[in-house]
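J.: Just passing along the structure, written as structure tokens.
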Amino acid sequence: MTQSDLITRCLNHSGAAKFPPVSRQDITDAEHDLGFPLPSFLCDLYLRIGNGGFGPRGGLLGLNDNGMLIEGFHLVSGHQIMLDRETQNPTPYPWPERIILITNINNRLWTALDCSTTSGPVLRLDMNDYDFNEQRFEEALELEASSLESWFEAWLDGKIREENYYTR
């Protein structure tokens, strides 16, 4: 299935988006602020469907302040919070620079996206029983899907269990 076909399936499944799509400039600004490019499929989701609030696990975080916020932050600011955590409370194991949070399942359980590769593996971040000072973040990350596309396809096919995600 092509990315375009998958976007069409998402549009048909999601119906009217809660938040309007972002502009190409919004993507450029986000990538500048993050310091790395976002996977093309994630960009297409934001450009063609909306600024978060749709998809698995209660919906993607918004790209910026005009989209879906969780606890007052969006994709870019959430990533900055994870990176800033290190300057406020230094640990031997900093947050991986190119992993971004994309959904919140509940307060300590998140879905993340690895932007260090073009395939963009989807990861589950479980911060329950996790000690920031004693463990590498990678120990709290579990592979959920080999790519964002396969994760969305599994969701559309009803193969992703919708847990009690965080109430917004």
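The values are calculated or read from the model by the stated rules, or taken from the named source; none is laboratory data. Keep in mind it's a predicted model, so treat the numbers as computed, not measured. Cβ coordinates were reconstructed from backbone atoms using ideal geometry, including for glycine residues, and neighbour counts include every protein chain displayed. The area values use the complete protein model at the heavy-atom level, side chains included, leaving out ligands, DNA and RNA. Shrake-Rupley method; radii C 1.70, N 1.55, O 1.52, S 1.80 Å.
J.: Pull out all pairs, ordered by first then second residue, where Cβ-Cβ is under 7 Å, the residues are six or more apart or on different chains, the first lies in segment 56-68 and is more than 22 Å from residue 154 (Cα to Cα), and the second is β-branched (Val, Ile, Thr) and not in a loop (DSSP other than H, G, I, E, B).
T.: What qualifies is 63/76; 64/76.
J.: How many residues does segment 45-54 contain that are part of a helix (DSSP H, G or I) and buried (at least 17 other Cβ atoms within 10 Å of the Cβ)?
T.: 3
J.: Here is a further query. Would you mind stating whether residue 102 is in a strand (DSSP E or B) and at pLDDT 75 or above?
T.: Taking the combined requirement at face value, the residue satisfies it.
J.: Can I ask one more? With the structure loaded, tell me whether residue 128 is at pLDDT 90 or above, more than 12 Å from the chain's Cα centre (by Cα) and either closer than 20 Å to residue 31 by Cβ or assigned to a loop (DSSP other than H, G, I, E, B) (or both) or whether it fails that test.
T.: For residue 128, the condition - at pLDDT 90 or above, more than 12 Å from the chain's Cα centre (by Cα) and either closer than 20 Å to residue 31 by Cβ or assigned to a loop (DSSP other than H, G, I, E, B) (or both) - is not met.
J.: Any chance segment 17-25 includes a residue that's part of a helix (DSSP H, G or I) and either at pLDDT 95 or above or open to solvent by less than 10 Å² (accessible area, probe 1.4 Å) (or both)?
T.: yes
J.: For residue 68, which of the numbered conditions (1) outside any loop (DSSP other than H, G, I, E, B); (2) crowded, with 22+ Cβ neighbours inside 10 Å; (3) of a type in the set (A, V, I, L, M, F, W, C); (4) at pLDDT below 95 fails to hold?
T.: Only one criterion is unmet by residue 68, namely (1).
Table: residues versus (1) outside any helix (DSSP H, G or I); (2) open to solvent by 10 Å² or more (accessible area, probe 1.4 Å); (3) in contact with a Leu (Cβ under 8 Å, 6 or more places away or on another chain); (4) not polar (S, T, N, Q).
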site	(1), (2), (3), (4)
11	no, yes, no, yes
27	no, no, yes, yes
38	yes, yes, no, yes
56	yes, no, no, yes
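J.: Sticking with this structure for a sec: Can you name every residue in segment 68-84 that is closer than 21 Å to residue 35 by Cβ and touching a helix residue (DSSP H, G or I) at 6+ places or on another chain (Cβ under 8 Å)?
T.: 73, 75, 76, 79, 80
J.: If you check 93, 46, which single one turns out to be aromatic (Phe, Trp, Tyr) and at pLDDT 95 or above?
T.: Residue meeting the stated conditions: 46.
J.: Turning to a different aspect of this structure: Of the residues that sit in segment 139-160 and are open to solvent by 50 Å² or more (accessible area, probe 1.4 Å) and not in a helix (DSSP H, G or I), which one is nearest to residue 94 (Cα to Cα)?
T.: 142
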